[in-house]
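Q: Submitted below is the structure of interest, expressed as structure tokens.
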Amino acid sequence: MKEALMYTDIPDVTLFARGKVRDVYDIGDKLLIVATDRISAFDCVMPNGIPGKGKILTEMSLFWFDYVSDIVPNHLITSSVDKYPTEIAPYRDQLEGCSMLVRKAERIDIECIVRGYISGSGWREYQKTGAISGIKLPSGLVESQRLPETIFTPSTKAETGHDENVNFNFVVNMIGEERATEIREIAIAVYEKARAYAEMRGIILADTKFEFGRVDGRTILIDEILSADSSRFWPVKEYNPGGSQPSFDKQFVRDYLDSLNWNKTPPAPELPEEIVAKTLDKYSEARDLLIK
């Protein structure tokens, strides 16, 4: 298996941010976003990556940006290295297929999580309170069940450590009712269009998260969207509510880590080669089913 691209090295350009998965470079009024092969789980970055994962994430985001462009604009300028500024050209080997040149936006610091099914942290919260992010749900739901309607369950965006689930009023107090309502409506509309498409391709889009920014007074989608890193993908043919589901996303890595005696804090354990290979297979299969 080829070596994973864990960290980019582009000394001629200012490193703007290094997140759990992406390296972001500042190019004046633009940003260069590189999806590395790093993988995180439980808000911890694993010491080894998934070779080729960054290219899969980028390919999926590019497809979805185009597919939902009738609902909301996005920050993409180009993903063609040939069209990048000249100072980046020498680093083609690090950037080809896994990077995007995008407009710089004023980021809205909220993880916009949309759920059509009850799973993960939403399921755990429902078991305790009967609600998710302050949204009261019917009693008697089972794990992985489809919800009566799509819900918007935001969280804070932590650069390090754990995100915190919040209710809609938190978002209103942060950015105002008009803008909060706008991003909620856009996020739900994008999710529902993508969910309908994914189901036709044999995948259930259980939930996902979006990030938004503002450019020239307009709200736009930023970062990545609807990838196996930011979404739960389940195979339609194997769907069986009442427990956890087989998945095409990094839930496979989470399940492996849950089997270890690890306290979910850094340093994270190294992933065995078998787990790396199976994770790559799952990401690749999701990509192929959805956009090939």
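Q: Select from the range 145-167 the residues that are in contact with a helix residue (DSSP H, G or I) (Cβ under 7 Å, 6 or more places away or on another chain) and of a type outside the set (Ser, Thr, Tyr) and write down the one among them that is nearest to Ile110 (Cα to Cα).
A: Checked the range 145-167; the qualifying residue nearest to Ile110 (Cα to Cα) is Pro154.
Q: Does the range 69-83 include one or more residues that are at pLDDT 95 or above, more than 21 Å from Ala187 (Cβ to Cβ) and among the small types (Gly, Ala, Ser)?
A: yes
Q: Here's a follow-up. Give the range 26-43 a look and list any residue that's of a type outside the set (Phe, Trp, Tyr) and surrounded by fewer than 20 Cβ atoms within 10 Å (Cβ to Cβ), or say none.
A: Asp26, Ile27, Gly28, Asp29, Lys30, Ser40, Asp43
Q: Looking at the structure I just gave you, is Arg184 at pLDDT 95 or above and either open to solvent by 20 Å² or more (accessible area, probe 1.4 Å) or assigned to a strand (DSSP E or B) (or both)?
A: Yes, satisfied.
Q: Restricting attention to the range 42-99, which residues are within 27 Å of Asp12 (Cα to Cα), aromatic (Phe, Trp, Tyr) and in a helix (DSSP H, G or I)?
A: Of everything in the range 42-99, just one residue is within 27 Å of Asp12 (Cα to Cα), aromatic (Phe, Trp, Tyr) and in a helix (DSSP H, G or I), namely Tyr91.
Q: Residues Glu143, Glu125, Glu149: which one is over 30 Å from Gly97 (Cβ atoms), open to solvent by 20 Å² or more (accessible area, probe 1.4 Å), assigned to a strand (DSSP E or B) and of a type outside the set (A, V, I, L, M)?
A: Just a single option satisfies the conditions, and that option is Glu149.
Q: While we're on this one: May I ask you to list the residues in the range 50-89 that are open to solvent by 10 Å² or more (accessible area, probe 1.4 Å) and among the small types (Gly, Ala, Ser)?
A: Within the range 50-89, Gly52, Ser69, Ser79, Ser80, Ala89 meet the criteria.
Q: Exactly one condition in (1) closer than 21 Å to Asp70 by Cα; (2) β-branched (Val, Ile, Thr); (3) buried (at least 17 other Cβ atoms within 10 Å of the Cβ) is not met by Val166; state its number.
A: Of the numbered conditions (1) closer than 21 Å to Asp70 by Cα; (2) β-branched (Val, Ile, Thr); (3) buried (at least 17 other Cβ atoms within 10 Å of the Cβ), the odd one out for Val166 is (1).
Q: So, one more: Quick one: is Arg287 in contact with a strand residue (DSSP E or B) (Cβ under 7 Å, 6 or more places away or on another chain), basic (Lys, Arg), surrounded by 13 or more Cβ atoms within 10 Å (Cβ to Cβ) and assigned to a helix (DSSP H, G or I)?
A: no
The values are calculated or read from the model by the stated rules, or taken from the named source; none is laboratory data. Remember, it's a predicted structure, so these values are computed and weren't measured experimentally. Because the Cβ atoms are built from the backbone with ideal geometry, glycine has one as well, and the counts that use them run over all protein chains shown. Protein only, heavy atoms only, side chains kept; ligands, DNA and RNA dropped before computing areas. Shrake-Rupley method; radii C 1.70, N 1.55, O 1.52, S 1.80 Å.
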